[in-house]
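Below you'll find the structure, written out as structure tokens, and then a few comments.
What follows is calculated from the coordinates using simple rules that are stated; it is not laboratory data. What you see is a predicted model, and the numbers here were worked out from it, not measured in a lab. As a convention, Cβ positions derive from the backbone with ideal geometry for all residues, glycine included, and neighbour counts pool all protein chains shown.
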Amino acid sequence: MIKYILERIMIGIVTMILIITINFFLLQLLPGSPFNSEKLTTEQIEMLNEAYGFNDPLPVQYVRYLSKIVQGDFGISIINTNIPVADLIYGKLPHTIKVGGLALLIGAVIGLFLGSVAALNRNSFWDYFTITVAILGVSIPGFVFGAVLQLFFGLKLDLVPIIYKIGDPRSFILPAVALAYPIIASTARYMRTELVEIFNSDYILLARAKGLTRRAVVYKHAIRNALIPVITVLGPATIVLIGGSTVIERIFGIPGIGNLMVDGINTRDHFVILGCAIFYSLLFIVILLIIDVIYGVIDPRIRVSGGMKN
Amino acid sequence: MAKKILQVKNLQVSFETHGGEVQAVRGITFDLHEGETLAIVGESGSGKSVATKALMGIIASNGQIKKDSSILFEEKEITQLNEDELQKVRGKDIAMIFQDPMTSLNPVMTIGKQIMEGIIKHQGLNRSEARQKAIELIELVGIDQPDKRFKQYPHQFSGGMRQRIVIAIALSCNPKILIADEPTTALDVTIQAQILELIKDLQAKTGVAVIFITHDLGVVANVADRVAVMYAGKIVEIGTSDEVFYQPQHPYTWGLLASMPSLDTDDEALYSIPGSPPDLLNPPVGDAFALRSQYALKIDHEQEPPFFKITDTHYAATWLLHENAPKVTPPSVIQKLWAEGGK
């Protein structure tokens, strides 16, 4: 298992280098520059480009950037008066983590619950309800859903604040739900399909033939087996969270990393864009690694083939 | 003859499907005596599996045991039991072994736990007693190092060993009836023989009555005291092993026996029954086998044949046994069997 994790970390490092490289060169294709202000003269722009090293040949810039990253320096934000990118991200992180984490929790718990209820009561009201929720969840874009939530629960019913406010936990609810919705949808659908399939499996029949109660059959035999493949959706769910956060953070005015990245792109703030991309990639790689480890814990077949002695 | 422990009367099982009601089992009647082995044979879809699952109340959720059916197990009418009462019968009085050992064990639970579940539920033992019992069972079904095996998962076992574990689970609460649903079909031939030996051996030790479902007549000859032949949801012939093998009366049984390859018939191509089993959405009138039978009489297409008694233990549902029926000559293979059987 240890060997397996080390292997995965090595692969992760190589992936990160590739991501940094590709992003670095892709950014060069982005039209415009951070110094687009009409107030700047051509000479001033020239001086700024010189000062930030943008006039050096690309390979030189690339090597300089990589060597800085190795030292833990992610460059500085040009727009935000030379604040280090790492500090910027660190400052925005708590907001993104709070809302994103809450969304993942809501998404997984409600999704698994709805999926299980639907599978246990097939063709009932709850089954059709879950299917409807799932279809809407994958087909309504996050910004529409977020705006509808704001309109209905924020404005009409006046239950929760429309805009994110630091220090007001109630204001986390709407953005978290808006982010969680597609996760609820995919998790519920997946869980339902898995459970229905498992209920038709031979080992469930054997468990019933032993005379176990329906409860024991469901909890001890079905759910745990269904969870194994469902954990896989947590990977895509993270992508949904990352993509969704850029939109949702904007709609709800959350000062998080998604917002930082969108601002960075709008102002061509090179190192901020790269920094955010690196952060998101790292997050994704770490989550995939965690998912793999969880797999090993709940599925003995993987544990053994991964080299762990029992 | 030993006491009857199970009396099945007019058992009918239907499934609701999008196409309509599929009558998988259409009124079967048989008894099971203490300690005997009854084989139920028939081709795929003949209803043999469904019939036995109905005995334990574990048919699929769209299935239903029809009103006039009766399953009497030691004074208990199984069809009248509610789910709670059924749970006390399942695993304790009637246990089952399934066809495919590769899929019938829970892949994420240790073998030991899976054996212990039933013991804890039915015998009221505590965990350490149940553990002891489970280890004894693993040893009983012929697996070495039971202490170590107890903690392992199904994927660490071969197919044959998994089937031994399934047998251990089935026998864990000393059931009175063991239903073996094609327990050797998914195994390779050498392992098949071992598993059959194991079942016979354990039956001799425990005196459990076995219902053995199979479509392999070679297996039947090896294990069965009595044989019931099922076709299209009905029993068409039932008798002792010798009677069904050496004095078969129903044309379907003839077909089955004739299509069994044997080493001493070198003269002709292997026989196969023409056509395919009827659609049980719309079961045919009369004898369901008439459509595929060269021996079918006119009445076979109009009226269902009753059981004709041949001996006290041997019955067959075919109009050919009626006193007014014309004499027919069965296939040469069957004539040979009759001759061997001394008829």
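Rounded to the nearest 0.05, the FRET efficiency derived from the C-beta distance between A:L282 and A:L6 at R0 = 30 Å is 0.95. Placing +1 on the Cβ of every Lys and Arg and -1 on the Cβ of every Asp and Glu, with nothing else charged, gives segment B:170-219 a dipole about its Cα centre of roughly 280 debye.
The label point for B:D147 and the one for A:L93, both projected 7 Å from the Cα toward the Cβ, are 5.0 nm apart. As a calculated quantity, the FRET efficiency between A:W126 and B:A325 at R0 = 51 Å, using C-beta atoms, amounts to about 0.30. Shape summary of segment B:232-340, radius of gyration then Dmax from alpha carbon positions: 14.0, 40 Å.
The length gained by stretching the chain between B:E74 and B:N62 to full extension, at 0.36 nm per residue less their Cα-Cα distance, is 1.5 nm.
For B:E36, the residues whose amide H sits under 5 Å from its own are B:V210, ignoring neighbours fewer than 5 places away on the same chain, with H placed 1.01 Å from N.
Mean per-residue shielding of peptide B:56-63 is 2, counting Cβ atoms of other chains within 10 Å of each Cβ. Under a model in which nothing but the beta-carbon of Lys, Arg (+1) and Asp, Glu (-1) is charged, the protein assembly as shown shows a dipole of about 1860 debye around its Cα centre.
Peptide B:89-99 shows a mean partner chain C-beta count of 3 within 10 Å per residue C-beta.
Note on chain A: dipole from Cβ charges, positive end direction compared against A:F74, A:T187, A:Y62; the farthest Cα belongs to A:T187. A DSSP coil position with no more than 11 other Cβ atoms inside 10 Å describes the following GluC sites (Glu not before Pro) in segment B:1-100: B:E75.
Only the Cβ atoms of Lys and Arg (+1) and of Asp and Glu (-1) were treated as charged; on that basis the dipole of segment B:232-340 about its Cα centre amounts to roughly 280 debye.
One compactness figure for the protein assembly as shown is 1.35, namely its Cα radius of gyration divided by 2.2 N^0.38 Å.
So the label point goes 7 Å from the Cα of A:S37 along Cα→C-beta, right? Which residues of segment A:55-99 then have their backbone N under 20 Å from it? Residues A:55, A:76-85 fall inside that zone. Which entries in A:K220/B:K176; B:K76/B:K200; A:K210/B:K234; B:K3/B:K200 show an alpha-carbon gap greater than 25 Å? Flagged as over cut-off: A:K220/B:K176; B:K76/B:K200; A:K210/B:K234. What's the FRET efficiency of B:A193 with B:H33 using the Cβ-Cβ distance as r and R₀ = 22 Å, to the nearest 0.05? About 0.25, to the nearest 0.05.
Candidate cross-link partners of B:K67 among the aspartates and glutamates, defined by an alpha-carbon separation under 16 Å and a same-chain spacing of 8 or more, comprise B:E16, B:E21, B:E77. Averaged over the residues of peptide B:103-113, the number of Cβ atoms from other protein chains lying within 10 Å of each residue's Cβ is 5. Give a quick list of trypsin sites (Lys or Arg not before Pro) in segment B:146-225 that DSSP marks as loop, anything other than H, G, I, E or B, with at most 14 other Cβ atoms within 10 Å. Here the trypsin sites (Lys or Arg not before Pro) that fit, given the DSSP loop and packing criteria, are B:K151. Cross-link partners for B:K336 among the lysines, with Cα-Cα distance under 21 Å and sequence neighbours closer than 8 places in the same chain left out: B:K327.
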